Amino acid sequence: MKALAAQTRIELALTLRNGEQLLLTLAIPVLILAFFSLVEVLPVPAGTDEPIDFLAPGVLALAVLSTAFTSLAIATGFDRQYGVLKRLGATPLGRPRLLAAKTTAVLAVMAIQFVALVGVAVALGWRPDADPVALLGGLGLATIAFAGLGLAMAGTLPGLVTLAAANGVYVVLLLFGDLVIPLESLPDPLAATAALLPTAALAELLRAGFDTGTAASASAWVVLAVWAVVAPAAAARWFRWE
């Protein structure tokens, strides 16, 4: 346990000291939330009175994406390329505890993100009414799915390619993943495809979870559950430590 705790502290410290990681995981979500809540330039779904009611759950989903997928993929990709994973895996720490430390650090960063983003959203006038079942269920499935995708990418591609690919996926999901632009604003074929993305499913579950007057569709649960099974399976099948 001491080795796990020590490695977790190292992983968390490396993340919090990395300016690029902080920009991706905290600064960009906060700026998106604040700017588009105050400057109404994006469409909002029919029946939504305030942009913050749509944006806050979407930006929280973006925060999960940035930490559990993008940051994890980039950091792990370079650790693998430089031989860090191989060397740490050969120490008494071992591979299982190394992965456990990375997972714990991801969860810790997500907790910091949620505290900061919910605080900003409430300051901007958001008044959520939380349903813990939808929230915890959606966040749990999404974290597994995004981490699986990130590790599958990091475990098969060179570090620089992982960097470019992870940032590219981040931008695509930001624009088309129902995070800040509603699916109903997209052309029908694109909206139908985007509804199958894990970000769209997570955003729907979070919006339902923060508004007890609405319920998420069964398809959102199914889509996210499928991603949570397929992505880790792909990572387990193709991940290479060196």
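The values are calculated or read from the model by the stated rules, or taken from the named source; none is laboratory data. Because the structure is a prediction, the values reported are computed rather than measured. Virtual Cβ from ideal backbone geometry, glycine too; neighbours counted across all protein chains shown. Calculation scope for accessible area: heavy atoms of the full protein, side chains included, ligands and nucleic acids excluded. Shrake-Rupley method; radii C 1.70, N 1.55, O 1.52, S 1.80 Å.
Values as computed for the structure displayed
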quantity: Among (1) within 22 Å of Ala208 (Cα to Cα); (2) at pLDDT below 90 - the single one Phe36 does not satisfy; calculated: (2)
quantity: Residue among Ala111, Ala100, Ala123 that alone is modelled with pLDDT of 85 or more and open to solvent by less than 60 Å² (accessible area, probe 1.4 Å); calculated: Ala111
quantity: Only one of Thr199, Thr214 that is β-branched (Val, Ile, Thr), in contact (Cβ under 8 Å) with a residue 40 or more places away in the chain and either closer than 25 Å to Pro43 by Cα or open to solvent by less than 30 Å² (accessible area, probe 1.4 Å) (or both); calculated: Thr199
quantity: Yes/no for Phe69 being at pLDDT 90 or above, assigned to a helix (DSSP H, G or I) and surrounded by fewer than 17 Cβ atoms within 10 Å (Cβ to Cβ); calculated: no
quantity: Among (1) more than 18 Å from Val122 (Cα to Cα); (2) β-branched (Val, Ile, Thr); (3) assigned to a helix (DSSP H, G or I), the one test that Val59 misses; calculated: (1)
quantity: Filter result for Pro45 (within 30 Å of Leu183 (Cβ to Cβ) and either assigned to a loop (DSSP other than H, G, I, E, B) or more than 21 Å from the chain's Cα centre (by Cα) (or both)); calculated: yes
quantity: Every pair of residues 6+ apart whose Cβ atoms lie under 7 Å, when the first sits in region 222-233 and is aliphatic (A, V, I, L, M) while the second is surrounded by fewer than 21 Cβ atoms within 10 Å (Cβ to Cβ); calculated: Val223/Leu196; Ala228/Ile144
quantity: Residues (charged (D, E, K, R) and buried (at least 18 other Cβ atoms within 10 Å of the Cβ)) located in region 177-196; calculated: Asp178
quantity: Residue among Leu190, Leu163, Leu157, Leu183 that is without any contact (Cβ under 8 Å) to a residue 24 or more places away in the chain and over 25 Å from Leu136 (Cα atoms); calculated: Leu190
quantity: Odd one out for Val180 among (1) assigned to a helix (DSSP H, G or I); (2) farther than 15 Å from Phe69 by Cβ; (3) in contact with a Gly (Cβ under 8 Å, 6 or more places away or on another chain); (4) of a type outside the set (Asp, Glu); calculated: (1)
quantity: Some residue of region 193-203 being in a helix (DSSP H, G or I), at pLDDT 95 or above, of a type in the set (Val, Ile, Thr) and under 14 Å from Gly58 (Cβ atoms); calculated: yes
quantity: Identity of the residue in region 28-66, touching a residue at least 40 places away in the same chain (Cβ under 8 Å) and small (Gly, Ala, Ser), that ends up surrounded by the most Cβ atoms within 10 Å (Cβ to Cβ); calculated: Ala61
quantity: Test for Leu4: is it open to solvent by less than 50 Å² (accessible area, probe 1.4 Å) and modelled with pLDDT of 85 or more; calculated: no
quantity: Which listed residue, of Ala231, Ala236, Ala208, is open to solvent by less than 80 Å² (accessible area, probe 1.4 Å) and under 18 Å from Leu149 (Cα atoms); calculated: Ala231
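One line per residue, one yes/no per condition, for (1) modelled with pLDDT of 90 or more; (2) open to solvent by 50 Å² or more (accessible area, probe 1.4 Å); (3) part of a helix (DSSP H, G or I); (4) in contact with a helix residue (DSSP H, G or I) (Cβ under 6 Å, 6 or more places away or on another chain):
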site	(1), (2), (3), (4)
Leu136	yes, yes, yes, no
Leu139	yes, no, yes, no
Ile144	yes, yes, yes, yes
Ala147	yes, no, yes, yes
Gly150	yes, no, yes, yes
Met153	yes, no, yes, yes
Leu157	yes, yes, no, no
Ala164	yes, yes, yes, no
Leu175	yes, yes, yes, no
